[in-house]
1. Kindly evaluate THR130 against the criterion of being touching a Cys at 6+ places or on another chain (Cβ under 9 Å), open to solvent by 40 Å² or more (accessible area, probe 1.4 Å) and either modelled with pLDDT of 95 or more or among the β-branched types (Val, Ile, Thr) (or both).
2. May I ask you to list the residues in the stretch 66-96 that are at pLDDT 90 or above, among the aliphatic types (A, V, I, L, M) and part of a helix (DSSP H, G or I)?
3. Those residues that are of a type in the set (Ser, Thr, Tyr) and either open to solvent by less than 60 Å² (accessible area, probe 1.4 Å) or part of a helix (DSSP H, G or I) (or both), I need them from the stretch 1-48; list them, please.
4. From the list THR72, THR135, THR101, THR95, pick out the single residue that is more than 27 Å from GLY18 (Cβ to Cβ) and over 24 Å from the mean Cα position of the chain (by Cα).
5. Read through the list (1) open to solvent by less than 80 Å² (accessible area, probe 1.4 Å); (2) at pLDDT below 95; (3) part of a loop (DSSP other than H, G, I, E, B), then give the number of the only condition that GLY51 fails.
6. Does the stretch 133-155 include one or more residues that are in a loop (DSSP other than H, G, I, E, B), among the small types (Gly, Ala, Ser) and open to solvent by 60 Å² or more (accessible area, probe 1.4 Å)?
7. Name the pairs whose Cβ atoms lie under 6 Å apart, with the first residue in the stretch 119-147 and in contact (Cβ under 8 Å) with a residue 60 or more places away in the chain, the second open to solvent by 50 Å² or more (accessible area, probe 1.4 Å) and of a type in the set (S, T, N, Q), and 6 or more positions between them or separate chains?
8. What pairs come up if the first residue lies in the stretch 1-30 and is farther than 11 Å from MET47 by Cβ and of a type in the set (Asp, Glu), the second is outside any helix (DSSP H, G or I) and open to solvent by 20 Å² or more (accessible area, probe 1.4 Å), and their beta carbons are under 6 Å apart, counting only those six or more places apart or on different chains?
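The values are calculated or read from the model by the stated rules, or taken from the named source; none is laboratory data. Quick caveat: nothing in here was measured; it's all calculated off a predicted structure. Cβ atoms come from the backbone with ideal geometry, glycine included; neighbour counts cover every protein chain shown. Side chains included, ligands, DNA and RNA excluded: accessible areas come from the protein's heavy atoms. Shrake-Rupley method; radii C 1.70, N 1.55, O 1.52, S 1.80 Å.
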Amino acid sequence: MNNALTLLGLIGSGSGYGYDLKQNYDHYFNLAKPLAFGQVYAILSRMIRDGYIQSSGEETGGGPDRKKYEITPEGRKRLEEWMVTPEIPSETLQTDVFAKTIIALLIERDTEELLDIQRRKHLERMRQLTKQKQTADVVHILLCDYALSHIEADLRWMELTSARLNELRKEIKS
């Protein structure tokens, strides 16, 4: 996910202060690891440098001054370009699970055991996500559904691979 363009979209929606941007980002887009404040402010600095946002004032209070940010016409143009540019599915088809499967066959390791271990981890994650959905708002339900769909695809791939292990083993050995 492009953190900078996502933050730009939040600014374009009216979110303006760094703290609020981080809170909104974490609420909408993060299930496990919050975006670091340092990362937010580094992205904001780059977007100011690139002309996508500008400071629109400061608010003083008991702590450090709070800067408010607003999107510029150039930023709105960049945001619109991003919105209408379709995402390309991953161009790299290799994953660690795929690599481990091939290496296991090359070093004559029990590949079915490796796939079983991975299946158990995937199923455990599915249970966690399903449980999270029970008390989640719609935004987080959709995030969980997205992750669950990917896990289901991985599980289907593991089943197909298990069914083809003998064929794959022969191909690798020759």
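1. Yes, satisfied.
2. LEU79, MET83
3. THR6, SER15, TYR17, TYR19, TYR25, TYR28, TYR41, SER45
4. THR101
5. It fails just one condition, (2).
6. So far as the stretch 133-155 goes, no, none of its residues is in a loop (DSSP other than H, G, I, E, B), among the small types (Gly, Ala, Ser) and open to solvent by 60 Å² or more (accessible area, probe 1.4 Å).
7. Sorted first by the residue in the stretch 119-147, then by its partner, the pairs are CYS144/GLN132.
8. Correct list of pairs: ASP26/PRO34.
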